[in-house]
Amino acid sequence: MAYYYEEPSRTFSEYLLVPGYSSAQCIPANVSLKTPVVKYRKGEEEPALSMNIPMVSAVMQAVSGDKMGIALAREGGISFIFCSQSIESQAEMVSRVKKFKAGFVQSDSNIRPDQTLRDVLELKEKSGHSTVSVTDDGTSEGKLLGIVTSRDYRISRMSLDEKVENFMTPFDKLIWAKDGISLSEANDIIWEHKLNALPIVDENQRLTNFVFRKDYAAHKENPNELLDVHKRLIVGAGINTRDFASRVPALVEAGADVLCIDSSEGFSEWQKITIDWIREHYGDSVKVGAGNVVDKEGFRFLAEAGADFVKVGIGGGSICITRETKGIGRGQATALIDVCEARDEYFKETGVYIPVCSDGGIVYDYHMTLALAMGADFLMLGRYFSRFDESPTNRLNINGNYVKEYWGEGSNRARNWQRYDMGGDSKLSFEEGVDSYVPYAGSLKDNVGLTLSKIRSTMCNCGALSIEELQQKAKITMVSATSIVEGGAHDVILKDRDISVMNR
């Protein structure tokens, strides 16, 4: 006979936080949102990888490209570049994030002196960078002969066939620095000479790196940005349980800091096989999360398989129809509470803390604070991030409203057979996601800043200055259908919605 759970599975909207005592120190400015991403042992000062905010973007075509990776890392989170694409394409996206921000940046816009203005414009369009190094062989390690910036040419007055050597700023007129200079010294030269870019060359005049003024300014504007030991942005990448033996090496080579197995259901031997392969070839140096699961048994399986973090949630995403299609899943709040209890039990038994990522079911900003209070270490968000400029989808105007496209990885549009199908056919046998639109919301920075302000303020209401303290002090109550109605605007005429009706 089947096993029956006595309690119904519940969603975040069925709970509220009850305020706790707030000291004078409980102000949003004092709240830390730093959180672990990968497992660590009791007594260790800190895990190998942490985030400054508890937010990661979903492993989805409509969410996590290189622009999202850059923008989210600058705010302190991590984007997991989607894996439903070729290995080469995904690795290139990871590489672009790693190269975007660093103290010393290897040039990815290079050209030979015998090439033309047309080539410069095509390269600028492809890379998005206006500073182009001119080297003898057109590579980033060639002998530096000059630099081309937008100040060196005027398209309206020059032929597109004009040779680069005729309008570049030659090396003897450049201000440059020798390889080995410190970042602080390089920035001093940039400010002293009012430069936008400072080329770094070795004793043979070969280009090694650039230091850019914008990188210094960007760091000051983004104090929470998440950087590795080489001052490059941190980025994650999704993998599947099919081509991991080819995909993982390429992603590691490209610089991915953490991987995540992207699957609709993680309580599977395929996930263990994938993790085993990574441990056999890389040991613990490659960090990999696994999932998704919805109960203690699933967590325990992935923990013992060696996962660095465990992802919770099946069928709760706004574009996911797994529950409708297959009748599989569990209410996100109930699943999260259950798994976090298993995480804490495992920690007491083994001394190993495995972070939990809540994936799906977030509709309102306050759901994020609830998820953290229920035990989540960080949140994976799809619809939330898909609305921003930085998501890789088109912005459209439909009936006078701006929207962005948003589709599920289980939809026919994504055609991600490596995630869902059990067989090897390249087509979906049925869909588990829809193709849709979401309201366009503007830039990531503005929206994330507002969301985090709400989270910090709510944490202060609970008397907590850290996520760990929130989980210890939070008081959570279930709410009735009637009290949910009471919690919103009611028994009034909202001006912005109904005034036009009243004036008719």
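The values are calculated or read from the model by the stated rules, or taken from the named source; none is laboratory data. Note that the structure is a prediction, hence the values are computed from the model and not measured. Ideal geometry is used to build each Cβ from the backbone, glycine not excepted, and the neighbour counts take in all protein chains shown. Note: accessible area is taken over every heavy atom of the protein model, side chains too, but ligands, DNA and RNA are not part of it. Shrake-Rupley method; radii C 1.70, N 1.55, O 1.52, S 1.80 Å.
I'd like the full set of residues that are of a type in the set (Lys, Arg), farther than 23 Å from residue 446 by Cα and out of contact with any Gly (no Cβ under 9 Å at 6 or more places or on another chain), limited to segment 215-246.
Of the residues in segment 215-246, the ones of a type in the set (Lys, Arg) are 220, 231-232, 242.
Restricting the remaining residues to those that are farther than 23 Å from residue 446 by Cα gives 231, 242.
Result: no residue meets the conditions.
How many residues are out of contact with any helix residue (DSSP H, G or I) (no Cβ under 9 Å at 6 or more places or on another chain) and open to solvent by less than 30 Å² (accessible area, probe 1.4 Å) if we restrict to segment 343-385?
Residues that pass the stated criteria total 4.
What single numbered condition from (1) modelled with pLDDT under 55; (2) over 28 Å from residue 97 (Cβ atoms); (3) of a type in the set (A, V, I, L, M, F, W, C); (4) assigned to a loop (DSSP other than H, G, I, E, B) fails to hold for residue 489?
Evaluating residue 489 over (1) modelled with pLDDT under 55; (2) over 28 Å from residue 97 (Cβ atoms); (3) of a type in the set (A, V, I, L, M, F, W, C); (4) assigned to a loop (DSSP other than H, G, I, E, B) leaves (1) as the failure.
Could you go through segment 280-289 and let me know if any residue there is closer than 29 Å to residue 32 by Cα, buried (at least 23 other Cβ atoms within 10 Å of the Cβ) and in contact with a Gly (Cβ under 9 Å, 6 or more places away or on another chain).
Within segment 280-289, one or more residues are closer than 29 Å to residue 32 by Cα, buried (at least 23 other Cβ atoms within 10 Å of the Cβ) and in contact with a Gly (Cβ under 9 Å, 6 or more places away or on another chain).
Looking at segment 80-96, which of the residues that are outside any loop (DSSP other than H, G, I, E, B) and in contact with a Gly (Cβ under 7 Å, 6 or more places away or on another chain) is nearest to residue 256 (Cα to Cα)? Don't jump to the end; show me each part of the working.
Initial filter on segment 80-96 (outside any loop (DSSP other than H, G, I, E, B)): 80-81, 87-96.
Filter once more, so that each one left must be in contact with a Gly (Cβ under 7 Å, 6 or more places away or on another chain): 80-81, 93-95.
Values: 80: 9, 81: 9, 93: 10, 94: 6, 95: 8 Å.
Ranking the candidates gives 94 first.
Search segment 473-486 for residues being among the hydroxyl-bearing types (Ser, Thr, Tyr) and not in a helix (DSSP H, G or I), and hand back the single one that is modelled with the lowest pLDDT. If you could, list the steps in order and put the result at the bottom.
Start the filter on segment 473-486 by keeping residues that are among the hydroxyl-bearing types (Ser, Thr, Tyr), which leaves 477, 480, 482-483.
Imposing the further condition that a residue be not in a helix (DSSP H, G or I) reduces the set to 477, 480.
On the way: 477: 97, 480: 89.
Result: 480.
Among 158, 168, which is open to solvent by less than 80 Å² (accessible area, probe 1.4 Å), at pLDDT 95 or above and aliphatic (A, V, I, L, M)?
Of the residues listed, the single one that is open to solvent by less than 80 Å² (accessible area, probe 1.4 Å), at pLDDT 95 or above and aliphatic (A, V, I, L, M) is 168.
Kindly provide the set of residues from segment 96-112 that are open to solvent by less than 20 Å² (accessible area, probe 1.4 Å) and either closer than 23 Å to residue 168 by Cα or modelled with pLDDT of 90 or more (or both), ordered by number.
Answer for segment 96-112, where residues must be open to solvent by less than 20 Å² (accessible area, probe 1.4 Å) and either closer than 23 Å to residue 168 by Cα or modelled with pLDDT of 90 or more (or both): 97, 98, 105, 107, 109, 111.
Does residue 58 satisfy the criteria of being open to solvent by 60 Å² or more (accessible area, probe 1.4 Å), under 24 Å from residue 310 (Cβ atoms), in contact with a strand residue (DSSP E or B) (Cβ under 8 Å, 6 or more places away or on another chain) and of a type in the set (Gly, Ala, Ser)?
no
Suppose we keep only residues that are part of a loop (DSSP other than H, G, I, E, B) and crowded, with 19+ Cβ neighbours inside 10 Å within segment 27-46. Which one would you say is nearest to the chain's Cα centre (by Cα)?
Result: 37.
Quick one: in segment 45-66, of everything that is out of contact with any helix residue (DSSP H, G or I) (no Cβ under 9 Å at 6 or more places or on another chain) and over 20 Å from residue 288 (Cβ atoms), which residue is modelled with the highest pLDDT?
61
For segment 492-504, how many residues are modelled with pLDDT of 75 or more and open to solvent by less than 70 Å² (accessible area, probe 1.4 Å)? Steps first, answer last, please.
Restricting attention to segment 492-504, the residues satisfying the condition of being modelled with pLDDT of 75 or more are 492-495.
If we keep only those that are open to solvent by less than 70 Å² (accessible area, probe 1.4 Å) too, we end up with 494.
Residues that pass the stated criteria total 1.
I'd like the full set of residues that are under 24 Å from residue 333 (Cα atoms) and β-branched (Val, Ile, Thr), limited to segment 3-30.
Within segment 3-30, 11, 18 meet the criteria.
What tally of residues in segment 296-329 results from selecting those that are open to solvent by less than 40 Å² (accessible area, probe 1.4 Å) and either closer than 22 Å to residue 51 by Cα or at pLDDT 95 or above (or both)?
Residues in segment 296-329 being open to solvent by less than 40 Å² (accessible area, probe 1.4 Å) and either closer than 22 Å to residue 51 by Cα or at pLDDT 95 or above (or both): 13 in total.
Does residue 133 qualify as being within 30 Å of residue 67 (Cβ to Cβ), without any contact (Cβ under 8 Å) to a residue 40 or more places away in the chain and either part of a strand (DSSP E or B) or open to solvent by 50 Å² or more (accessible area, probe 1.4 Å) (or both)?
no
Just give me the residues in segment 399-431 being at pLDDT 60 or above, outside any loop (DSSP other than H, G, I, E, B) and out of contact with any Phe, Trp or Tyr (no Cβ under 7 Å at 6 or more places or on another chain), in sequence order.
Result: 401, 407.
Quick one: residue 293 ticks every box in (1) open to solvent by less than 10 Å² (accessible area, probe 1.4 Å); (2) modelled with pLDDT under 95 bar one, so which box is it?
Going through (1) open to solvent by less than 10 Å² (accessible area, probe 1.4 Å); (2) modelled with pLDDT under 95 one by one, residue 293 breaks only (2).
For residues that are under 13 Å from residue 286 (Cβ atoms) and not hydrophobic (A, V, I, L, M, F, W, C), tally how many sit in segment 246-271.
Residues meeting the conditions: 5.
Considering only segment 159-236, give the helices (runs of 4 or more DSSP H) lying wholly within it that have at least 3 residues that are of a type in the set (Asp, Glu).
183-192
Select from segment 436-469 the residues that are outside any loop (DSSP other than H, G, I, E, B) and either among the charged types (D, E, K, R) or in contact with a Leu (Cβ under 6 Å, 6 or more places away or on another chain) (or both) and list them in ascending order.
Within segment 436-469, the first condition is being outside any loop (DSSP other than H, G, I, E, B), and the residues that meet it are 436-439, 442, 444-461, 466-469.
Of everything in segment 436-469, those that are outside any loop (DSSP other than H, G, I, E, B) and either among the charged types (D, E, K, R) or in contact with a Leu (Cβ under 6 Å, 6 or more places away or on another chain) (or both) turn out to be 445, 446, 454, 456, 459, 467, 468, 469.
Taking residue 63, is it in a strand (DSSP E or B) and either open to solvent by less than 10 Å² (accessible area, probe 1.4 Å) or in contact with a Lys or Arg (Cβ under 9 Å, 6 or more places away or on another chain) (or both)?
no
Restricting segment 174-195 to residues that are in contact (Cβ under 8 Å) with a residue 12 or more places away in the chain and of a type in the set (D, E, K, R), which is least open to solvent (accessible area, probe 1.4 Å)?
179
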